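The block underneath contains the structure these notes are about, expressed in structure tokens.
The values are calculated or read from the model by the stated rules, or taken from the named source; none is laboratory data. Computed from a prediction, not measured in an experiment: that's the story for all the values here. Here the Cβ is made from the backbone with ideal geometry for all residues, glycine too, and neighbour counts use every protein chain on show. For the accessible areas, the whole protein counts, side chains as well, though only heavy atoms, and no ligand, DNA or RNA atoms are used. Shrake-Rupley method; radii C 1.70, N 1.55, O 1.52, S 1.80 Å.
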Amino acid sequence: MYSESPPPDSLRRLVRCRWESVEPGPKRIVPDGCVDLVAGADEVFVAGPDTTAWTSVFPPGTRLRGLRFQPGAAAAMLGVGVDELRDSRVPLPDLWNRRGATLADEILNGRDLADAMADVATERAAAADPVVERMLTQLAAESAEIVSRGEGETLATGQSTHPGTRPASKAADRSAWTSAKPTRSERQARRLFTLAVGYGPATYRRILRLQRAIALAPATATLADLAVAAGYSDQPHLTRECRALTGLTPSTYFAGRFTPPPNPVAAQENAPSPR
């Protein structure tokens, strides 16, 4: 069981959602570009942004609760560059020393995560750099547009009616950075993005594209259709990226997620007889 709820109004600028789950046992976690503060199983830890899949090994029935930070907000909230948390699970006491240990004890004794973080947010949170905000907005808009096309232009047969939408070019990235703050060099902008998000915009885009594929899979019938709908250049491109980010082939990872195409023969057999 997994459920999400909105954060308090005071934290909406920094926190995307609160969530709770009852773990079914070991499960594969794939990159989603997120940073979470997680409590459960007698520990409180920060789950950093992933670049490849990992296996959660909590025993069946373990209850977890968490805060998922807004993209780019975790660095300000946690007081550390998110790239230092990449592919890591860091106990809160290790991150914040004595204060982290105190907060972890309070959280494990029932204190709400959002309430525990509210004071920290007031002290630490600063406005995100406009270059990072603009780049995140552009990437999110790009992803939403492709998902909309994939959902709206996939026929019942599973055949896509639009060409694959390729990721924005480096020139588009550069335009976003320089228009947001012309005095900021491209290298400085990339470094700021990496500190705030955990990796550079190219890796973040790859992860968004995988998440698009996961979202679109139920509306498609084949891997070839999924590759086109999600914005991959072709099916081999989807295969390479799926292997790299999930550790599995697409046929294995997406097994059971597709909508089967209609069977014309079965439809004809089940059609009502003319009177």
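Miscellaneous remarks
- Here the label points at GLU4 and GLU20, each 7 Å from Cα along the C-beta direction, are separated by 1.7 nm in the simple model.
- Averaged over its residues, segment 62-111 has an accessible area of 47 Å² per residue, based on protein heavy atoms and a 1.4 Å probe.
- Accessible carbon and sulfur surface of segment 29-107 relative to its total accessible area, %, 1.4 Å: 48
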